[in-house]
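Read through the structure below, which is laid out as structure tokens, and then see the notes.
The values are calculated or read from the model by the stated rules, or taken from the named source; none is laboratory data. As the structure is a prediction and not an experimental result, all values here were calculated from the model. Calculation scope for accessible area: heavy atoms of the full protein, side chains included, ligands and nucleic acids excluded. Shrake-Rupley method; radii C 1.70, N 1.55, O 1.52, S 1.80 Å.
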Amino acid sequence: TDAKAGMLPLTGKHVLITSGPTHEPIDPVRYIANRSSGKQGHALAKAAFAAGARVTLVSGPVTLPDPDNIEVHHVESAADMLQAVNASLPADIAIMAAAVADWRVTSEGKQKIKKDGSGKPPRLDLAENPDILKTIGHHPDLRPKLLIGFAAETKDLVANARAKLERKNADWIVANDVSPETGIMGGDANTIRLVSKDGVEDWPQMSKSDVAARIIARAAAALTS
Ligand code: CTP
Ligand code: CA
């Protein structure tokens, strides 16, 4: 067995993780972003390393320190994140925990936008960002064997997660309810529903590091089964 050989469950495997938000510049001093602390993604990177994997972490702007022993690529925008993810393939497992901004500003100004005194706000033109998980899920030859997405929802959690599973060609969607009344956003705990083609599994509320350890343990088992 692996234990007999003194091997950790992900020894020799490459795990690629995205974490944090992306920032989409409006002008040199402003941006659009999602709310994301990066706590769950960074916890996953640490858990994957603890399980013996070589880990690449592609992180948007977060205040967390870089985890030890992990190659970290710091990015700002979704376009940069996609590029860093592509450059980090191939991977055995990819976990897209980042809260990627869905839109970028196409009218990005090189100069700070100034109030013009008219009282009228400036107009921002938006374009949809590339979907990193979907791109990787449909990659002709470098799709990781196990591809895991996240879905933060405020309603219709399971139906939305199932639709994402399908659309993005992911193996699992780690879904969580982020309605304001749950107090989940930015906190240290998470309540997960793991959605796969086999069904939905409800996990009790636990710390983000326990969620990470459980996802990594399951991923290691799925990879070798
Ligand atoms: N995701 C991604 N690239 C994007 C948007 C999302 O890789 N441009 C990934 C996220 O990292 C996550 C999963 O897709 O793993 C689901 O993200 P979510 O924002 O819930 O899905 P969307 O397809 O953007 O749908 P929604 O309209 O609900 O935001
Ligand atoms: Ca989104």
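Listing for the model above:
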{"read-out": "Cα long-axis angle, helix 78-88 against the chain (0 to 90 degrees, to the nearest 10)", "value": "30"}
{"read-out": "Accessible-area order (highest first, 1.4 angstrom probe) of the listed residues Lys164, Lys208, Lys114", "value": "Lys114, Lys164, Lys208"}
{"read-out": "Solvent-accessible area per residue, Å², over the chain with all protein chains present [probe radius 1.4 Å]", "value": "53"}
{"read-out": "Set of aspartates and glutamates with alpha-carbon distance to Lys114 below 12 Å, sequence-local pairs under 8 removed", "value": "Asp27"}
{"read-out": "Residue-level accessible surface for Phe150, protein heavy atoms, 1.4 Å, Å²", "value": "50"}
{"read-out": "Cross-link pairs Lys39/Lys168; Lys39/Lys208; Lys39/Lys134; Lys164/Lys197; Lys168/Lys197 - those with Cα-Cα distance over 18 Å", "value": "Lys39/Lys168; Lys39/Lys134"}
{"read-out": "Principal-axis tilt of helix 208-224 within the chain, Cα atoms, nearest 10 degrees", "value": "60"}
{"read-out": "Spherically averaged projected area of the stretch 146-225 from its Cα convex hull (nm²)", "value": "5.1"}
{"read-out": "The chain - percent of accessible surface contributed by carbon and sulfur, probe 1.4 Å", "value": "51"}
